[in-house]
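*Asks:* I have a structure I would like to understand better, so I am pasting it below and will then ask my questions one at a time.
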Amino acid sequence: MEFSEAFTLKRRFISRQKRRTLADEQFPAAVTALEEYHNIEQQMAEPEVASDPDKMRKLGRRHAELGVIVSAYTAYKQVKDDLEAAKEMASEDPDFAEEAKRLESELPAAEEKLRTALIPRDPDDARDTIMEIKAGTGGEEAALFAGDLLRMYMRYAEKRGWTVTLQSENTTELGGVKDVQLAIRAKVTPAPEDGVWASLKYEGGVHRVQRIPVTESQGRIQTSAAGVIVFPEADEDDDEIEIDQKDLKIDIFMSSGPGGQSVNTTYSAVRMTHIPTGIVVSMQDEKSQIQNRAAALRVLKSRLLAMKHEEEAAQAADMRHSQVRSLDRSERIRTYNFPENRIVDHRTNYKAYNLDAVLDGDLQAVIDSDIQADEADRLANQK
């Protein structure tokens with residue numbers, strides 16, 4: 001009999017219940033995740049759920065999140081089971097003894113991967129993202145830089161295969177951007193680590209630029225800034241946030257373009273104010289008032305969701321200094337130095353001399369430095 005065949009038969013011979021107990025007792029959280037994973041699969045197979053895109057998206061996001069744990073747990077159990085089988089037959093066959101040594105060397109890595117997968121992720125990682133870019137100090141130069149950031153994020157989104165929808169934009173005569181709001185969305189339900197929010201949540205804060213402005217006649221380098229605000233986009237049917245219509249003040253006005261030009265002759269733009277919090281959302285990108293109202297409501301829900309999660313994190317004493325949790329919009333997070341073609345991320349001390357490529361959307365290495373720092377922080381907090 002071939003070694004592999006004998007090994008397979010022996011694995012089947014060992015008590016399945018015994019093997020399950022060994023792994024399950026050590027990682028009960030993984031067992032719970034596996035049960036929820038299968039339960040979600042059953043729900044997604046139901047006709048009434050399968051025909052509801054919103055429910056499928058919500059379940060799909062959770063399914064993908066749990067899938068990381070299930071994959072790591074399955075791999076760990078496989079190594080664990082094979083090792084137990086090889087040990088039982090090692091005294092009868094030297095090939096099994098060698099196999100046991102190999103599996104024993106693989107077990108720590110499989111266990112560590114599972115432990116890492118079980119560390120709680122940001123629950124919003126798989127969500128899409130609403131981003132706002134606002135020109136800061138520096139006048140027209142700051143507006144031009146805000147426009148550069150807008151193009152950088154749009155090109156980065158294109159490289160990632162995401163879609164970008166401009167929801168509102170206020171531009172200057174020189175082509176700068178006073179303020180802009182955009183929705184960045186994945187085309188399919190991604191794994192949490194591949195979600196839009198998983199990458200762009202690190203972009204919130206003050207971005208500083210050092211360069212010679214186009215309006216500068218003496219060739220002097222000027223420092224300007226733009227602010228970026230990011231928050232995860234709420235689902236239309238998100239039951240985490242309920243908005244009472246009595247808490248809304250809605251104003252209708254005529255859409256306008258650069259320089260105050262009329263975009264159309266109908267009053268289709270919407271300004272929505274949430275009275276309890278004072279949050280104001282304006283929307284004029286859509287063609288009809290109904291569409292703008294729906295888009296404004298979704299952005300408002302997203303802002304309220306972000307506010308709710310920040311409050312929960314603060315109450316749980318889990319407000320870390322990373323951009324992920326603190327969302328400190330006054331923090332200077334990055335400097336873009338044009339004379340030296342240099343970009344610096346002040347949170348991670350990342351530095352590179354490829355600013356031209358970064359502004360063309362080659363942003364992944366910068367974001368990866370933030371992701372790695374955040375993961376290291378989460379691992380340290382688990383020990």
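The values are calculated or read from the model by the stated rules, or taken from the named source; none is laboratory data. Quick caveat: nothing in here was measured; it's all calculated off a predicted structure. Using ideal geometry, Cβ is built from the backbone for each residue, glycine included, and neighbour counts are taken over all protein chains shown.
*Asks:* Check every one of the strands (runs of 3 or more DSSP E) wholly within the stretch 120-217 and list those with 3 or more residues that are farther than 25 Å from E340 by Cα. Full working, then the answer.
*Replies:* Values: elements: 129-135, 163-171, 177-185, 205-211.
So the answer is 129-135, 163-171, 177-185.
*Asks:* D239 passes all but one of (1) farther than 30 Å from Y336 by Cα; (2) more than 25 Å from the chain's Cα centre (by Cα); (3) at pLDDT below 90; which number fails?
*Replies:* Of the numbered conditions (1) farther than 30 Å from Y336 by Cα; (2) more than 25 Å from the chain's Cα centre (by Cα); (3) at pLDDT below 90, the odd one out for D239 is (2).
*Asks:* Turning to a different aspect of this structure: Look through the stretch 147-159, keep the residues that are within 18 Å of the chain's Cα centre (by Cα) and of a type in the set (K, R), and return whichever of them is surrounded by the most Cβ atoms within 10 Å (Cβ to Cβ).
*Replies:* R155
*Asks:* Name, by its number, the condition in (1) modelled with pLDDT under 85; (2) among the basic types (K, R); (3) assigned to a loop (DSSP other than H, G, I, E, B) that does not hold for K308.
*Replies:* That leaves (3) as the condition not met.
*Asks:* Please work out if T223 is among the hydroxyl-bearing types (S, T, Y) and assigned to a loop (DSSP other than H, G, I, E, B). Steps first, please.
*Replies:* Numbers: among the hydroxyl-bearing types (S, T, Y): yes; assigned to a loop (DSSP other than H, G, I, E, B): no.
No.
*Asks:* Now a separate question. Name the residue, out of T74, T137, that is more than 25 Å from the chain's Cα centre (by Cα), assigned by TED's automatic domain parsing to the domain that holds A226 and among the polar types (S, T, N, Q). Quick ask: steps written out before the conclusion?
*Replies:* Details: T74 fails: assigned by TED's automatic domain parsing to the domain that holds A226.
Unique residue meeting the criteria: T137.
*Asks:* Right, something else. Sort through L114, L144 and tell me the only one that's surrounded by 15 or more Cβ atoms within 10 Å (Cβ to Cβ) and not assigned by TED's automatic domain parsing to the domain that holds E286.
*Replies:* Values: L144 fails: not assigned by TED's automatic domain parsing to the domain that holds E286.
Every option except L114 fails the conditions.
*Asks:* Okay, moving on. Can you list residue pairs whose Cβ atoms sit under 9 Å apart, with the first residue in the stretch 212-229 being at positive phi and the second being hydrophobic (A, V, I, L, M, F, W, C) and surrounded by 14 or more Cβ atoms within 10 Å (Cβ to Cβ)? Count only pairs 6 or more apart in sequence or on different chains.
*Replies:* Qualifying pairs under 9 Å: G219/I212.
*Asks:* Name every residue in the stretch 58-114 that is outside any helix (DSSP H, G or I) and free of Cβ contacts under 8 Å to residues at least 12 places away in the same chain, in order of residue number. Steps first, please.
*Replies:* Of all residues in the stretch 58-114, those outside any helix (DSSP H, G or I) come to 90-93.
Correct list: A90, S91, E92.
*Asks:* State all residues of the stretch 333-372 that are small (G, A, S) and surrounded by fewer than 17 Cβ atoms within 10 Å (Cβ to Cβ); if no residue qualifies, say none.
*Replies:* Step one: filter the stretch 333-372 for residues small (G, A, S), giving 352, 357, 361, 365, 369.
The answer is A352, A357, A365.
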